[in-house]
Every structure is written in structure tokens, then in C-alpha cells.
1. So, counting K/R as plus one and D/E as minus one, what does the shell of residues with Cβ under 10 Å around I97 add up to?
2. Taking a quarter of the surface of the convex hull around the Cα atoms of the stretch 113-201, what do you get in nm²?
3. With viscosity set to 1.002 mPa s at 20 °C, what whole-number translational diffusion coefficient in µm²/s follows for the stretch 396-451 from Stokes-Einstein and a Kirkwood radius over Cα pairs?
4. Could you give the length gained by full extension between R93 and F65, i.e. 0.36 nm per residue of separation minus their alpha carbon distance, to one decimal place?
5. From the square roots a ≥ b ≥ c of the eigenvalues of the alpha-carbon gyration tensor of the stretch 334-392, which class results: rounded (a/c under 1.5), prolate (a/b over b/c), or oblate?
6. How would you rank F396, F325, going from fewest to most other Cβ atoms within 10 Å of each one's own Cβ?
7. Can you give the direction-averaged projected area of the convex hull of the alpha-carbon atoms in the stretch 282-377, in nm²?
8. Could you derive backbone 3J(HN,Hα) for the stretch 402-414 from the dihedral phi with the Karplus parameters 6.51, -1.76 and 1.60 (θ = phi - 60°), listing whole Hz in sequence and x where the residue is Gly or Pro?
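None of the figures in this text is laboratory data; all of them are computed from the coordinates on show. Please read all numbers here as calculations on a predicted model, not as lab measurements. Here Cβ is always computed from backbone atoms with ideal geometry, including for glycine, and neighbour counts include all displayed protein chains.
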Amino acid sequence: MRTSFLFLLAVPILFLSCGCSSNTMSAPSLRIQAAAVNQMDDSTGSHLSQDIILGRDLLFTPDYFPLIEGKRIAIMANQTSRATVDRLIDDKRTSLIVIFSPEHGFSGADAAGLHVSDSVYRSIPVFGCYGGGDATRRIPLSLLKNIDVLLFEVQDTGARHYTFISSMYLAMDSAADASIKFVVLDRPNPANGCVIEGPVLEKEFQSFVGVGRIPVRHAMTMGELANLFRNESVIMHGPRYPREKETDEYWNVGTLDLVTIPMKHYEREKSWDDIYGPGKWIPTSPNIPGALEAMMYSGTGILGANTLCEMVPGFRKFCAISLPFVSTGEKLLAFIDAAKSVYDFPGMLLSPALNPETREENVIVLEVVDISICRPVASTLALLYVQRLLYPDAQFFTTSEAPGIFDKMTGASWVREELMGKPLPPFYFMLERMRREEAAFENVRKKYLVY
């Protein structure tokens, strides 16, 4: 009877994969940037076989160097952008005054959630912009009073809950407060810049793991996101946090003097490994050692508050999960079969494995065989759904505070409410609601695609 029920729940679902050939824009500044990209492409002819040129490389060309020449410069950077920092220090025509570092620090070695201490790099002060409270995550205006331009170059993962997006947004707001130019040196979205996936953040769940009303996978570069955040600031964000003073009710990002230096030869449908080849990723944090982990983090990374565990010793991070309520190979295979009946897990193979810690057969390996069609968010929600379906009495959240954390990670209370529903609704209800939210976001997103 259960097998028949599961089969009825299995439905094909179309996920939004948009914008791969669109350069449609509305904001005047974006038209100028798009024209600049097209001019560069025209001057070189077909670029399909050429290496990608990052925004940081174009910064030192005649078209963009006036932005920093003779200026007092600050930069938000980490280990992924150290080459840019070194070049700014070594170039006698520029004056780098201060470095700001996001979560994990300038070295990228700090564990998740740890306070980032101030330090010094090659005689340049490094101010940590991540700590125990919102106030320690903003750039203090006192550190920008003698700055002319604030650069931003940090490699992101493409997931809303990875905090580099939030650090960029707070830096944008500080630059607007200080009335200085903010320049984004653009980089690729490592999964690809086409696939939109996951619930759109609801305003009441705005936090440092969800600063704007975007899906879990937004399929945009940081430069595109910066333009989206500035021009859609009214609908993207809730009340300002933290406030510099009691009268600070709203963000100032809408007034920001923003420049995005686009990449050259970037093709948004390509993943990181398509662009650079395997093994070329600089770890963005201790738990994201590769581009595959960066992509999978968008899905299994939401499990931090759940009893399903996404960090299994002996397996690639975020690429395997353990099920503490399963202890035998027979039950594990039944769980996998049920999951495949509920959802087709595109681009992914599910395999059983032995837990090296408990010696129990309770690990599911999530092997990505086609990153272009892989859907880590929907796949993760499907596994949570099957837990509720087969083990409704098993502990679902780790603590009493965990449901609130889960809501912040998914960005929407309806996900938890659907999963905890009695009776449990069909899984395709969740997929269909995500599809509607993804489509609505695409209508906003498409105006800001540069590539």
C-alpha cells in the first residue's frame, strides 16, 4: 500500500533554468555595463575558446584603472582575492588603506560562526567583519571617513545562506552611508548562472543567512546581485539592521554609487569545473574545499538544524547524509527506494554506505553525475520529506530552537509547515510552490543579467 502511495507522489517537475542567453536590462547603468561587455566581445571576436578574464584583471586596464588611481582604497577580500590585494599593495599608483574580511577571515581558515579577529597583512590593517552580533558585521563609518573607493572581491558559492552575500550587502550600505564609490570585481557563480532553485526569502526571516528576498540558488554573479540589491532595495529588504542610530529605519543601498566591473568571456551556463577544470578551486572556507561542495551546500547546507546530518566523516562534505534513525542496510535501501519514488533526483545518484563512526548502514551518498541538471535544494527537501513519511515519530529537529533556524535557512516557514503537516501533503505541492516563487523571481532577476 505504501509503495503505491509513493508512486502516486512521484511527478515530473520543471525547475527554472533561465537567463542563459538574455542580456535584457532596464536600469541605465546596467545598459552601459552590458554595452561594455559587448564591445569587449566584439573586439576579440568569438571568445568560446578563450580564457575567462575576471573583473579584478580588468580593474588594472585603462578603462577601469581611473577608479583607483591616486585614490584611497579599501577592499573587502579574503584568500580567494589575495592576488588583487597584493597587486594593489605593489602598484605604486594606488594606495590601499585597509582590508575588510568576511566570515572565515582573510585567510579563510576560521571555522563557521567564529568571531573574525583583526589582523595585519603586509603592513595593511585587516578588520574582521564577522562576529557575535550584527554590529560587528558592518564596516564602521569611522573606518571609511578617509576612503575614496571601497572594492569588493570575494568568491561566493551561489547559495543565499552562504554569508558572503550578506557581507557584500552590509558593505554596500556602509559605502552609501559614507557617500563613497563601491566597486564589485565580478567572478563566476560556481554552480552555473542559469538554474534558479528554492523558496524565496520571506521578509520576516531576514538575517545574516538571508539578507535579501532571493531564492536559495539565485543563479547570479555577485556583480549582478549588487545591481539587483541596489535597484530593487525597496522590495528586497526589510527594516535596516543593525541601526547606526534610532532614526535609521531603512537601508541606504538605493543611493549607492555602484560600479560593477564585468568579466570577459564568461558563459553563465558553465560550472566552475567547466571554466577552470577540476581541482582549481581555492577553498572559500574550511568546509567548502571544492566547487562541488559549494554547489551541494545550497541544498544539504540547510540541514544544520535537522537530525539528518550533512557532515559525515570519511565522505565529501555536503555530499553524503547520515540517517540516525536507520541502522540496517535493509531499512536504508527502503529509504532510498522511497526517495526515488517521491523525486527523480536529476543529475544525482543515491547510494547506500556504511557510517565509519557508528559502523551502521545509515549513510546515503549523493553522487553528482551531471551538475548542470542537479537540484540540491529539491533533493534535500525530498529526503526530509521521506523521513517524515517513513519515520513520522523520529526526531526531526535537533533542539527546541532548531525550527526557527530551519526557517531562516530555507527562508520560508511554509517549508517547515508542509513537512510537519498532518496528514503529510504530496511532495509535488512543495515543488510546485517553489516553481511559482522561482518564476516570480526570474521576472525581477532577468533585468540585471549582464552575461
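1. +1
2. Numbers: hull surface 29.3 nm².
Over every viewing direction, the Cα hull of the stretch 113-201 projects on average to 7.3 nm².
3. 162
4. 9.1 nm
5. The shape class here is oblate.
6. Final ranking by Cβ density, sparse to dense: F325, F396.
7. Hull-based average projected area comes out at 6.1 nm².
8. 4, x, x, 5, 4, 4, 5, 5, 7, x, 8, 6, 5
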